[in-house]
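Accompanying notes for the structure given below.
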Amino acid sequence: MRRICYWLTWGLVSILAVFQAENLAAQIPNLKLDSLENLLSTMPDDTHRVKILTQLCQDYADVDLKKAIHFGAQSVELAEELGFNEGLADACVSMGRAYRLRGVHSQALDFFLRGLRIYEKLGNAMSIAKTKNNIAVIYKDQGDLDQALEYFEQTRLAFEQMDDERNVAIMLLNIGSVYMDMGELDTALQINEDGLSKAQDLGFEVLISFFLNNIGNIHSKKGEPELALPLLLKSLKMKQKSGNLPGVAKSHVRIAEAYFSLGKPTLAQAHLDSSRSLAESSDAREVLLDCYQLGAQIYESSGQPNLALGELRNFISLNDSLRKQNEDEKRMELQAAFDFEQQESEIKFLEQQRENRGTITLVLVIGLIILLLGLIGVLYLFYINRKAKIKLQINQHKINTQQKLILERNMELEDLNRERDGLINIVAHDLRSPINKSTGLLKLIELAGPLNEEQKSFIDMILQVNERGQELIADLLSLSEIQQGQLELSREKIDLQLFIEDLVTGYRHQSEAKNIPIDLDLPDENLYINSDRNAMTRILDNLLSNAMKFSQPQTRVKVSVLTQGEKIGIAIKDEGPGISEEEQKKLFKMFQKLSARPTAGEQSTGLGLAIVRELSNKLGGNIGVKSKLGEGTVFTFWQSMN
């Protein structure tokens, strides 16, 4: 009886929360936004206008993401024109937040990184820390949890050094969320409970609502919806006071998931409808994705497969739309950057012409002065000057003709390069969409079931083919990004011994499975190299993977560190079949596959070594190879210590 009363009570609270959310969405005060827009109409184009535009971007991000991006773009443009670096950094960070809430992660990351670089030049420690937190959130949203955790930890340490307890509590919330995504639920629960205690001590009500929401989500993931539900409802009630529509929408969908797990589809549907309404009104499209997924499950469980199929189609359509929009906006940004460079070149050319005309004018002035010295001198100088002027015009005409030809050739080459790179990107992106749709349709076939073992086997084979296709597309886009100069390096001091040991540890399972021991030959003293950790990891990971891939069982692979003056080399030697001199000449070209085949049927895209070469050049290093047929192969990556 008490259990029935318990659920009736929570059911009533839930229904009241639904109606309260809808009323709140209609009653959000717009006084502050209206006041700022009225103030904006009377302000000149100065630094104060930049600040007002940025504030509008920040405030609209919680209620209307399209308007937020509209005002943020104006703020960025005006700050650039004024050379107002601090305002430009603030505007970039606000735009990054708006794009993140809209689900366009690549644009968001670009704006955050741009703001971070400016803050670092200005030495603004607080803004640096907060921007790193935003970057970590993007990496978390993109699924790069290791990068996210690293940035969150850096931010937490920075706030601890500032004795900023409120922001330390916020970092605990973010770190706990990463561990939750990693599946380390017990660690995530402990961190979130510690953070909740700290937030309660600080009286930080907004943060308390987020900790309650996270702890509720952890209990849901642990299969404890009865523990999750009261926490999620309490979090929802607190969030409604803040007017954060995307956050309220996300809370509704999590509560709907808990009710669905408890076998209460009616209450689940009510919260799902509220979430969908708020997400649509605030343009929170990532929340809409969650709504479509849960809606499909609810309709499927209630015996309405057609409605479930409609929800899944909505999910696939919106997911493809988000990805396409992200790609289109990236291309527009690149085009704008190119146009800006062209304008700069034209301005410089015009300035050079003005300087040339100034020189000619000076010669004429000198001629007029000399004219005063006498008629004979004037006539002589006039003759000399006219002759020189004719020669100068002839030379200038030749120079202009040559410059025009050079400019036309350069533009033709640039057009060819852009067409090639654009074709690669378009082909890759156009291939990715049907592969994703194919995978989604296969998932629908599995849901429609039941399938016999042969049918399941065919579906698994198709999914594996799709996965290899996605890997090829990812390598194509990576290579294109590097070749177009879009990859930005982040150099740091790296302990080579620890770096190599960590790298090799990741191959222990493969080493044991294929019976190929990996030997390390490392110096006794610690060696350090100033390089980009991600680029080095990709280079050495590719070389070590190839060594394992083409080696027979009961052979050995050796990783060594070499020094040569100010250079450090990392050599990876195998006892495989070796590479002929003819194949070595085309080893680092795209889509080159060797006559030797992988010993365990492993797959290869044919782009790995091409990416290795491009990354090595980007780091200022090089790749060496020594091999003879039947005697194995040694690849060595060289780079300066500094």
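For segment 136-279, what does the alpha-carbon gyration tensor say about shape, rounded, prolate or oblate, given a ≥ b ≥ c as the root eigenvalues, a/c under 1.5 as rounded, and a/b over b/c as prolate? The shape class here is prolate.
Here the spin labels are modelled as points 7 Å beyond Cα on the Cα-Cβ line, and at LEU405 and GLU492 they lie 5.2 nm apart.
Segment LYS443..ASP320, full-extension length gain: 42.7 nm, with 0.36 nm per residue of separation and the alpha-carbon distance subtracted.
Note on LEU364 and TYR528: the model spin-label points, each 7 Å out from Cα along the C-beta direction, lie 6.3 nm apart.
Projected label points at ASP46 and SER261, each 7 Å from Cα along the beta carbon direction, are separated by 5.6 nanometres. With a ≥ b ≥ c the root eigenvalues of the C-alpha gyration tensor of segment 194-304, is it rounded (a/c under 1.5), prolate (a/b larger than b/c) or oblate? Here segment 194-304 falls in the oblate category. When ARG49, ARG613 are compared by accessible surface with a 1.4 Å probe, the order from highest to lowest is ARG613, ARG49.
For LYS456 and GLU581, the difference between the fully extended length at 0.36 nm per residue and the C-alpha to C-alpha distance is 40.5 nm.
Neighbours of LEU78, meaning other residues whose beta-carbon lies under 9 angstrom from its beta-carbon, give a summed charge of -4 when Lys and Arg score +1 and Asp and Glu score -1. Per-residue surface analysis assigns CYS57 an accessible area of about 0 Å², computed on protein heavy atoms at 1.4 Å probe radius. A Förster radius of 30 Å combined with the Cβ-Cβ distance from ASP201 to SER35 puts the calculated FRET efficiency at roughly 0.30. Length gained on full extension, ARG166 to GLN154, computed as 0.36 nm times the residue gap minus the Cα-Cα distance: 2.7 nm.
Rolling a 1.4 Å probe over the protein heavy atoms leaves MET461 with an accessible area of roughly 110 Å².
Summarising the amide proton neighbourhood of LEU562: residues at separation of 5 or more, or on other chains, whose placed amide H is nearer than 5 Å comprise GLY569, ILE570, ALA571. Taking a Cβ cut-off of under 13 Å around LYS628, the surrounding Lys, Arg, Asp and Glu residues balance to a net charge of -4, with basic ones at +1 and acidic ones at -1. At 0.890 mPa s and 25 °C, plugging the Kirkwood radius over alpha-carbon pairs of segment 522-623 into Stokes-Einstein gives what diffusion coefficient in µm²/s? For the chosen part, D equals 164 µm²/s.
Solvent exposure of segment 163-259, expressed per residue, is 38 Å² of accessible area, with all protein chains present and a 1.4 angstrom probe.
The values are calculated or read from the model by the stated rules, or taken from the named source; none is laboratory data. What you are looking at is a predicted structure, and each value in this text was computed from that prediction instead of being measured. Glycine also receives a Cβ, built like all others from the backbone with ideal geometry; neighbour counts cover every protein chain displayed. SASA here: full protein model, heavy atoms, side chains in, ligands and nucleic acids out. Shrake-Rupley method; radii C 1.70, N 1.55, O 1.52, S 1.80 Å.
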